[in-house]
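Data first, discussion second: the structure below is written as structure tokens.
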Amino acid sequence: MSDVPSPAGCRTCGHNWPRTRIYYHVDYGCADGLKRQCRSCANEEARRRYAVNPVPARERVRTRRAERAAHWNALWSDETPHAA
């Protein structure tokens, strides 16, 4: 990744931010490893999506929290030997 502005810029706002992780989210499927939409546009789009329909986002959070809790509970249960 270089600090050279991309020729196309953000696909949403068109601003030519430098192609770094500061301005773009990571996407290893892209040639340079960064998404084509700048962080501020991506965050604004996510806010709009949540405002329209917050239930799926809340369900994802609840599910993920339950999965993480189960994972850590399994790791730290009394049956699991711990390092002394």
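Read the figures in this text as sums done on the coordinates, not as results from a lab. What you see is a predicted model, and the numbers here were worked out from it, not measured in a lab.
State the percent of C-alpha pairs, over all pairs in the stretch 40-79, separated by a distance greater than 11 angstrom.
Within the stretch 40-79, distances greater than 11 Å cover 68 percent of Cα pairs.
At full extension, residue 66 and residue 53 could sit 2.5 nm farther apart than now, given 0.36 nm per residue minus the alpha carbon distance.
A cut-off of 5 Å between modelled amide H atoms, ignoring neighbours fewer than 5 places along the same chain, links residue 25 with 35, 39. Annotation: the stretch 13-84 has a Kirkwood hydrodynamic radius of 15.7 angstrom, from the mean reciprocal C-alpha pair distance. Rounded to whole numbers, the Karplus 3J(HN,Hα) couplings from phi for the stretch 55-63 are 4, x, 5, 4, 5, 4, 5, 4, 4 Hz, using 6.51 cos²θ - 1.76 cosθ + 1.60 with θ = phi - 60°, and x at Gly and Pro.
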